[in-house]
1. Dipole of the range 234-361 (Lys/Arg Cβ +1, Asp/Glu Cβ -1, origin at the Cα centre): which of 303, 330, 289 lies farthest to the positive side?
2. Rounded to the nearest 500, what is the chain's calculated 222 nm mean residue ellipticity when only DSSP H runs of at least 4 contribute -39500 (n - 2.57) each, over all residues?
3. Please list, in order along the range 45-61, the HN-Hα scalar couplings obtained from phi with the Karplus expression 6.51 cos²θ - 1.76 cosθ + 1.60 (θ = phi - 60°), rounded to whole Hz, x for Gly and Pro.
4. I need two numbers for the range 215-305: Rg to one decimal and Dmax as a whole number, Cα atoms only, in Å.
5. Out of every Cα-Cα pair in the range 234-361, what percent are more than 19 Å apart?
6. Mind listing the long-range amide H neighbours of residue 370? Cut-off is under 5 Å, sequence gap 5 or more, other chains count too, H placed in the peptide plane at 1.01 Å from N.
7. Considering all alpha-carbon pairs of the range 74-218, what whole percent are spaced by more than 22 angstrom?
8. For a quick check: with amide H placed at 1.01 Å from N, whose amide H comes under 5 Å from residue 505's, ignoring anything fewer than 5 positions away on the same chain?
Amino acid sequence: MSAGFATAPPLPARGEREKTGRPPLVVAGRHRNVEQLVAVDAAAERLGLVPGLALAQARAMHPDLAVVPEDAAADHRQLDELADWCVRYTPLVAIDPPDGILLDISGCAHLFGGEERLVHDLTSRIATAGFTLRAASASTIGAAGAAARFTATTIVPPGAERELLQPLPLAALRLPADTVAALARVGLKRVGDVLGLPRAPLTARFGPQLLRQLDRALGREDEPLSPRLPVAPYVAEQRFAEPIAREEDVLGTAERLAGRLQPLLERRGDGVRCVELMLFRTDGVVRRLAVATSRPLRDPKAIRALFVERLTSLADALDPGFGFDLARLSVIGAEPCPPEQIGLGHDDHAAEIDRLVDRLGARLGSRRVRRPVAQDSHIPELAAGLVPAQAIASTQAGWAEFRHFARAAELCPRPPRLLTRPEPIEAVAAVPDGPPVRFRWRRALHEIIAAQGPERIEGEWWSEDGGPARDYFRVEDRLGGRFWLFRAGLYRLTTTPSWFLHGMFG
């Protein structure tokens, strides 16, 4: 495995820190109840100041020191942004806190003319953005990290890890500070000091992590790299000799990249369910635009239409800065997409609904567009639930099965407006088991002139709070309002059944 490692100190060197008359600059933070230096610029480093030195001691040595308080959250966000930008080289990017970024460039280096050119391109671009960094490429993560942090070497040939590590301090193995201090107390300060020692006594005294890190750095044991983001199964990208800035160019690029992915999707029988467009600005800023679909898609024009809606919904315009020099279309989610027969009325209608849902989801957000789904319950308020509309296709909502059951069971029509929860009412019936002749709801009195029912729906007897049986009535008042009422409980089981209004017809 070829791994790249870059260090990005929390203190960005924007501009020349060594300008005449400018005092040395350091970042200080509280660690173990002591104010310590966290990062130093080049001028402070030449004066002998290093991270970990107490701030009081540093000020005693150099009273004119310029001190900036540490902002760990901002440093972490900045490191995340740099890692986001590094995805232009490989999708396998991981954070190595507090100031490192790991890149697995296996199979990617030849796209940039080799490892040396890739490292040079990476370092020059980040340096142009105003950051100080060191970078190295090696066959193992441990060797790349050691070379970047403790040497000026940028390329470590395969098999040269031992030679690289021997003269370096044991901290190069990324060991805990307590372990490094314990090793130093017995005279072991360099990696070469432990290479020839018996392994069993080292493990017994200093724990297994010492030899594990050593074996990983030498390539004797594999070290996993956990990417920040999942690797997309389908990716297409395009680099631009001249950066693009117009929205039409961005949409055209998205359609062309989708066209490149279409044959791959067809070959594997897949379709797009979630796709992301990454736009890399020349100044290092990365913009992400993601859209989702209700059913698997392959049509480039349909994918472009979703990005049109997505761009329209942006709170702020897509700021291209000085332009985008790289665009990448990644299929985040894919599902089997078997061939479909077109021209059948019902299927075409369902497809139109799904396309409408996709457009609304791209414009308003997928969580704001929901569709009702049939649930396995005979209680009216539990018979349907709302889920994100793009989670399932319209043909999978279960309503076809429900309509078939309703016809077989000869269910009475349900009101189009169903209250979320039945609301209690005051009702008067001519006979105990008969329909009401009048009821009061929300302080308004309704005189009933027609009624149909009852339709009995039993409670969920298997549940502890399944509730009593319900007798539903469809009634109409003198003003033409039609309501769906029910009486909860039976007179032979309770002396005071309760009445509720559950929905309205029209």
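Coordinate-derived values only; no laboratory data. The model shown is predicted, which means the values in this text are computed figures rather than measured ones. In this analysis, Cβ positions are derived from the backbone assuming ideal geometry, glycine residues included, and neighbour counts consider all displayed protein chains.
1. 330
2. Details: 14 runs with 155 residues, N = 506.
One gets -9500 deg cm²/dmol as the mean residue ellipticity at 222 nm.
3. For the range 45-61, the Karplus-derived couplings read 5, 5, 8, x, 7, 9, x, x, 6, 5, 5, 4, 5, 5, 6, 5, 6 Hz, x marking Gly and Pro.
4. Cα only, the range 215-305: 16.9, 52 Å (Rg, Dmax).
5. Values: 3966 of 8128 pairs.
Result for the distance tail: 49 percent.
6. 389
7. On the way: 4532 of 10440 pairs.
Roughly 43 percent, rounded to a whole number.
8. Amide H to amide H, under 5 Å and 5 or more residues apart or across chains, residue 505 pairs with 482, 483, 484.
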